[in-house]
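Each remark here refers to the structure printed beneath this line.
The values are calculated or read from the model by the stated rules, or taken from the named source; none is laboratory data. These numbers were taken from a predicted model, which means no experiment stands behind them. Please note: Cβ atoms are built from the backbone with ideal geometry, for glycine as well, and neighbour counts cover all protein chains shown.
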Amino acid sequence: MTDQGKINREGAKPASLFERADATFGLGPVRAPVVPPVPPVPETLRRTAAPPPQPPAPPPVAQVAAPQTAEVPAPEAPKAVAFCGPFAAIDREHLRDGGLIVPEDAVTGLLEEFRIVKRELLADARAGGSAIARRILVCSPHPGEGKTYCATNLAIALAAERGLEVLLVDADVVKPSVTQRLGIEAEMGLMDALADPEILPESLVVKTDIDGLFVLPAGTATALDAEYLASARTGAVLDRLTQGAPDRIVIFDTPPALAASPAAELAQHVGQALLVVRADETSRAALEDAQQLLSACGDIKLLLNAARYSPSGRRFGSYGTKGK
Ligand SMILES: Nc1ncnc2c1ncn2[C@@H]1O[C@H](COP(=O)(O)OP(=O)(O)OP(=O)(O)O)[C@@H](O)[C@H]1O
Ligand SMILES: [Mg+2]
């Protein structure tokens with residue numbers, strides 16, 4: 001593996017929401033609303049206006065019963081659903097062979113690198129305060145740039161946080177590989193829950209023997225996968241899996257943005273998108289095209305993966321934020 005390295009934030013500070021809105025809509029700076037002036041009260045009226053006659057005071061009453069008012073019950077906050085799918089043990093040797101983080105092993109440079117990445121994602125997820133802010137899409141422009149590698153390592157690193165539940169969703173319905181990467185077997189998953197409203201998505205979530213790590217496999221592929229992902233059911237399923245669970249983070253592994261539509265569809269349902277790029281392979285044009293396709297997500301972060309050269313020996317060259 002590599003030496004422990006620090007991942008730098010690079011690039012310009014993203015414009016504020018106001019500045020972005022101004023750039024998009026040309027509204028100019030936000031001004032205080034114009035309030036029409038109140039006409040002054042004429043002097044004569046002010047002097048002559050006497051207080052209106054008061055009705056005689058009622059006799060003192062020893063005790064007055066408070067009037068009975070019907071109490072309107074506050075709307076109940078949605079409760080988190082418990083994941084109740086099958087259990088799967090993860091072979092640690094299999095993780096090691098795949099170059100993935102092994103929770104029980106000594107701290108490695110790889111773990112340190114993903115710890116740094118997760119800190120930032122977690123801080124933004126918590127700052128967002130909503131269920132959508134806690135959903136993170138992992139994507140890249142092209143195949144083979146390390147989406148599954150980064151999504152899986154990130155999920156394992158996040159699961160080590162005390163009290164956090166991490167749901168790794170294999171949304172690469174084109175070429176699913178999360179279960180194979182983790183060495184577990186599961187047939188049904190996301191696409192089954194999207195295709196059949198009778199299926200409860202939480203019943204398909206696999207609980208693993210890595211504390212806090214859960215997996216929703218891609219499930220059964222059909223010719224209509226793109227249509228299912230674009231349907232309103234996707235939002236309903238994701239809401240069900242995340243609502244009422246402030247300590248639950250969802251990581252989506254997706255197909256390449258420039259080759260298939262799922263990443264662009266899912267970008268509408270997440271608070272952050274991690275765009276994985278290969279230092280030596282991904283072109284700027286491809287990066288910009290992918291960024292455009294994910295633009296439904298307002299917070300796109302770049303993760304430079306597998307940089308071949310670095311004086312410090314670090315694996316990830318830089319880590320930056322790209323505004324919408
Ligand atoms: N930083 C890295 N260090 C070592 N190996 C890596 C790194 N990033 C990716 N790999 C390896 O490169 C290969 C491709 O990575 P991965 O499967 O994660 O890419 P992907 O973007 O998910 O590909 P696809 O688009 O086909 O799903 C895998 O064998 C993975 O283990
Ligand atoms: Mg992949």
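General observations
- Where a residue in the range 202-225 is within 28 Å of residue 101 (Cβ to Cβ) and surrounded by 15 or more Cβ atoms within 10 Å (Cβ to Cβ) and its partner, wherever it lies, is at pLDDT 95 or above and acidic (Asp, Glu), with Cβ under 7 Å and at least six apart: 204/192; 212/165; 214/165; 216/170; 217/170; 218/170; 218/172; 219/192
- Subset of the range 227-284 [part of a helix (DSSP H, G or I) and within 16 Å of ligand 1 (Cβ to nearest atom)]: 262, 263, 264, 266
- Residue, farthest from ligand 1 (Cβ to nearest atom), within the range 148-159, restricted to residues that are aliphatic (A, V, I, L, M) and touching a Ser or Thr at 6+ places or on another chain (Cβ under 9 Å): 159
- Residue count, the range 160-174 (criterion: at pLDDT below 95 and within 9 Å of ligand 1 (Cβ to nearest atom)): 1
- Selection from the range 69-108 of residues that are exposed (fewer than 15 other Cβ atoms within 10 Å of the Cβ) and either among the aromatic types (Phe, Trp, Tyr) or part of a helix (DSSP H, G or I) (or both): 87, 93, 96, 97
- The lone criterion from (1) over 20 Å from the mean Cα position of the chain (by Cα); (2) closer than 17 Å to residue 89 by Cα; (3) within 15 Å of ligand 2 (Cβ to nearest atom) left unmet by residue 217 is number (1).
- Every residue from the range 119-146 that is more than 24 Å from residue 85 (Cβ to Cβ) and either more than 10 Å from ligand 1 (Cβ to nearest atom) or part of a helix (DSSP H, G or I) (or both): 119, 120, 121, 122, 123, 124, 126, 127, 128, 129, 130, 133
- Members of the range 147-187 that are touching a strand residue (DSSP E or B) at 6+ places or on another chain (Cβ under 6 Å), part of a loop (DSSP other than H, G, I, E, B) and within 13 Å of ligand 2 (Cβ to nearest atom): 171, 172, 176
- Boolean, residue 198 is of a type in the set (D, E, K, R), away from ligand 1 (no atom under 16 Å from the Cβ) and over 15 Å from the mean Cα position of the chain (by Cα): yes
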